[in-house]
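The values are calculated or read from the model by the stated rules, or taken from the named source; none is laboratory data. None of these values were measured; they are calculated from a predicted model. Cβ: placed from backbone, ideal geometry, glycine included. Neighbour counts: every protein chain shown.
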Amino acid sequence: MRSGGKAAVIGGITAAVLGAAGYGAYALLDGPADGTAADGKPSVKTGPPDASEVRKATRGFLAAWGSGDPRQAAKYTDDREAAATALRAYRTEAHISDVRLDPGARRGSTVPFDVEAQISYGDRTATWTYSSELDVVRERRTGRAVVNWQPSVVHPELHAGDSLKTGEAEAPPIKAVDRNGTALTEKTHPALSGVLASLRERYGDKAGGTAGVELWIERAGDADDTAGTSPDTSAAGKKAEQPDKTLKVLSKGTPGTLRTTLDAALQTRAEKAISKHGKAAVVLSKARTGEILAVANSPAQGYNTALQGSLAPGSTMKVISSAMLIDKGLAGWGKQHPCPKYAPYGGWKFQNDKKFEIKNGTFEQSFARSCNTAFITQAEKLSDSELTKEARDVFGIGLNWQTGVPSFDGAVPVQSAAPKAASLIGQGGVRMNPLTMASVAATVRTGSFHQPYLVAPSLDKRKLAEAARPLSADTAQQLRKLMRLTATQGTAAEAMAGLGGDIGAKTGSAEVDGQKKPNGWFTAYRGDLAAAAVVPEGGHGGSSAGPVVAQLLRAGG
């Protein structure tokens, strides 16, 4: 949350004047009237609104909005109270006036429109322009054609609970720089737009700058100002957090300099690597310190999946599961281990990719080929909480990481029956993201957990998370051998080809209900670098996310 500022809440937009080209040219109406049948009973229309009804509802709504009459405008919506509150707050509390609304060409029941308004705060004024759209629906109870009220009608980036604010910015601007002092801007690194906004919120008042006057979106729940977030509250138990966003600067503040752990050159490589995918996310970090060197998402302006995603990690989870099995003596390098075509447990029937099996095989063969049933067969020997404890106590999963920006530190809930078995192969209730899976690879590489971070903890005296214990020397050695075998001869070999030195990798494919193709995962290390990537609906992790990770490990080497 931006802290310590003066502002006026804008729950919506109140318009003042419309030009002749807009809906100001139309006379205001008393509001849509209900029809009446010949017998005196109300006539309720059904079906989608026709073109005439869409035009009439849009005309009335925009005309009332443009004239500065929120109550009248709200009559043309399906939520009068919310619409009136939002539109009234815009005019009286947001210092926005002289609004012109120009509708565009109708697309079915959707009408886009352009907004041009004046913002005035103290002696500061500015013209603000943007575009939005509205949808006209039929109200089921009355049959009227009305505007489907959503916060996005006011501005396309407003969501439920968000508000617009104008005033002295609550956080001074920052000049973010990488570990070498190179400036990091949204223009040069568009994939960092959300990260930079979060850094300003959290460190703007610590970097030495002075605030200006701005119009911004304050996101819902900012008062909580929590670090751990996830869009999947059922899995993570935490609420999604998005940074505030500046929409218009009326007077510039003076930025303070904030040093991050990022590397501008590697950040550029990360953004280039994921640009080949419509949806993808990647994180690169230093294994021995936890310093985050690069973080990128595609699309650049989309959700920060790299740091805040909450996704089933598929077979990359087998790294943690293997550590637990080795610790308990249930698996080990060179030991015989079953990998049948099928393995039933808890009423579910599990199988391997293309139903392969390894007869009389060893555990390393099962790991390198990513055999699911090799793990499912061990579920009956495990208590419900053992995987949760291993993930938390050794790999730091779920320890409320303090990275310096909003992040989700994974979830491995205690489960029983079939979901317990599914968790062993990264399904069930397990949730991760590239940040957590890069950390898992780093823990294997170094033998102990080092909490990832983007800003040095010395800046704000925050305490980094600490795991209860390191990997045992024997378990760490076996895991490194397993991941190296996978990187050189197993499912990760194609992606890691040509990479020398101390390497290790694990692939993953996570099934998701409703998707034709699974999410592709890949986590790996090379020397002191650890990385992980996910490509939603990418299919096999080795061919989708693998090349992304390999490019960064190659560039960093």
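Within segment 119-130, identify whether any single residue is acidic (D, E), in a strand (DSSP E or B), in the same structural domain as D98 (by TED's automatic domain parsing) and more than 22 Å from Q242 (Cβ to Cβ), and answer yes or no.
no
Only one of these is within 23 Å of the chain's Cα centre (by Cα) and either of a type in the set (F, W, Y) or closer than 22 Å to L311 by Cβ (or both): A456, A418, A465. Name it.
Criteria check complete, one pass: A465.
Taking the condition within 22 Å of P518 (Cα to Cα), assigned by TED's automatic domain parsing to the domain that holds Q378, out of contact with any Leu (no Cβ under 9 Å at 6 or more places or on another chain) and in a helix (DSSP H, G or I), does K349 pass?
Values: within 22 Å of P518 (Cα to Cα): yes; assigned by TED's automatic domain parsing to the domain that holds Q378: yes; out of contact with any Leu (no Cβ under 9 Å at 6 or more places or on another chain): yes; in a helix (DSSP H, G or I): no.
Taking the combined requirement at face value, the residue does not satisfy it.
Any residue at all in segment 478-486 that is in the same structural domain as R445 (by TED's automatic domain parsing), in contact with an Asp or Glu (Cβ under 8 Å, 6 or more places away or on another chain) and buried (at least 21 other Cβ atoms within 10 Å of the Cβ)?
yes
Does at least one position in segment 402-419 carry a residue that is crowded, with 24+ Cβ neighbours inside 10 Å, more than 30 Å from L192 (Cα to Cα) and out of contact with any Asp or Glu (no Cβ under 9 Å at 6 or more places or on another chain)?
Among the residues of segment 402-419, not one is crowded, with 24+ Cβ neighbours inside 10 Å, more than 30 Å from L192 (Cα to Cα) and out of contact with any Asp or Glu (no Cβ under 9 Å at 6 or more places or on another chain), which makes the answer no.
Report the residue count in segment 132-166 for those that are in a strand (DSSP E or B) and either aliphatic (A, V, I, L, M) or under 24 Å from V213 (Cβ atoms) (or both). First the steps, then the outcome.
To start, the set of residues in segment 132-166 that are in a strand (DSSP E or B) comprises 132-138, 145-147, 163-166.
Filter once more, so that each one left must be either aliphatic (A, V, I, L, M) or under 24 Å from V213 (Cβ atoms) (or both): 132, 134, 136-137, 145-147, 163-166.
The qualifying residues number 11.
Under 8 Å between Cβ atoms, which residue pairs at least 6 apart in sequence (or on different chains) link something in segment 141-161 that is over 19 Å from V54 (Cα atoms) with a partner that is part of a helix (DSSP H, G or I) and among the aliphatic types (A, V, I, L, M)?
P151/A86
Among the helices (runs of 4 or more DSSP H) contained in segment 372-430, which hold 3 or more residues that are touching a strand residue (DSSP E or B) at 6+ places or on another chain (Cβ under 8 Å), of a type in the set (A, V, I, L, M, F, W, C) and in contact (Cβ under 8 Å) with a residue 24 or more places away in the chain?
In segment 372-430, the matching helices (runs of 4 or more DSSP H) lie at 417-423.
Taking segment 484-508 on its own, how many of its residues are at pLDDT below 95 and either of a type in the set (F, W, Y) or under 20 Å from P536 (Cα atoms) (or both)?
Count: 0.
Got a sec? Which strands (runs of 3 or more DSSP E) wholly within segment 255-339 have at least 1 residues that are surrounded by fewer than 24 Cβ atoms within 10 Å (Cβ to Cβ) and not small (G, A, S)?
Ranges flagged: 256-259, 280-286.
N360 passes all but one of (1) of a type outside the set (F, W, Y); (2) under 35 Å from the mean Cα position of the chain (by Cα); (3) not in a strand (DSSP E or B); which number fails?
(2)
Count, please, the residues in segment 112-152 that happen to be aliphatic (A, V, I, L, M), touching a helix residue (DSSP H, G or I) at 6+ places or on another chain (Cβ under 8 Å) and closer than 24 Å to V249 by Cβ. Explain how you work it out, then say what you get.
Kept after step one, since they are aliphatic (A, V, I, L, M), are these residues of segment 112-152: 115, 117, 119, 126, 134, 136-137, 145-147.
Retained after the next criterion (residues that are touching a helix residue (DSSP H, G or I) at 6+ places or on another chain (Cβ under 8 Å)): 134, 136, 145-147.
After this cut, where a residue has to be closer than 24 Å to V249 by Cβ as well, the list is none.
Qualifying residue count, segment 112-152: 0.
Quick check on this structure: which one of K481, K516 is modelled with pLDDT under 95, outside any strand (DSSP E or B) and either on the phi > 0 side of the Ramachandran plot or not hydroxyl-bearing (S, T, Y) (or both)?
Only one candidate qualifies: K516.
Within segment 70-87, work out how many residues are over 23 Å from T142 (Cα atoms) and either free of Cβ contacts under 8 Å to residues at least 60 places away in the same chain or touching a Ser or Thr at 6+ places or on another chain (Cβ under 6 Å) (or both).
1
Among the residues that make up segment 332-343, is at least one of them closer than 16 Å to F363 by Cα and among the aromatic types (F, W, Y)?
Checking segment 332-343: at least one residue is closer than 16 Å to F363 by Cα and among the aromatic types (F, W, Y).
Test of understanding: among E133, E157, which residue is under 30 Å from L266 (Cβ atoms) and outside the structural domain of S198 (by TED's automatic domain parsing)?
One residue alone meets the criteria, E157.
So for segment 300-308 (the condition being in contact with a Gly (Cβ under 7 Å, 6 or more places away or on another chain) and among the β-branched types (V, I, T)), does at least one residue qualify?
no
Here's the yes/no breakdown for (1) under 30 Å from R259 (Cβ atoms); (2) in contact with a strand residue (DSSP E or B) (Cβ under 7 Å, 6 or more places away or on another chain); (3) in a helix (DSSP H, G or I):
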{"residue": "S458", "(1), (2), (3)": "yes, no, yes"}
{"residue": "K463", "(1), (2), (3)": "yes, no, no"}
{"residue": "E466", "(1), (2), (3)": "yes, no, no"}
{"residue": "P470", "(1), (2), (3)": "yes, no, no"}
{"residue": "G500", "(1), (2), (3)": "no, no, no"}
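From the list S120, S152, which one is touching a strand residue (DSSP E or B) at 6+ places or on another chain (Cβ under 8 Å), at pLDDT below 95 and surrounded by fewer than 21 Cβ atoms within 10 Å (Cβ to Cβ)?
Exactly one residue qualifies, and that residue is S120.
Among all residue pairs at least 6 apart or on different chains, which show Cβ distances below 8 Å where the first residue, located in segment 351-367, is exposed (fewer than 14 other Cβ atoms within 10 Å of the Cβ) and the second is of a type in the set (F, W, Y)?
Partner pairs satisfying both residue conditions: K355/Y342.
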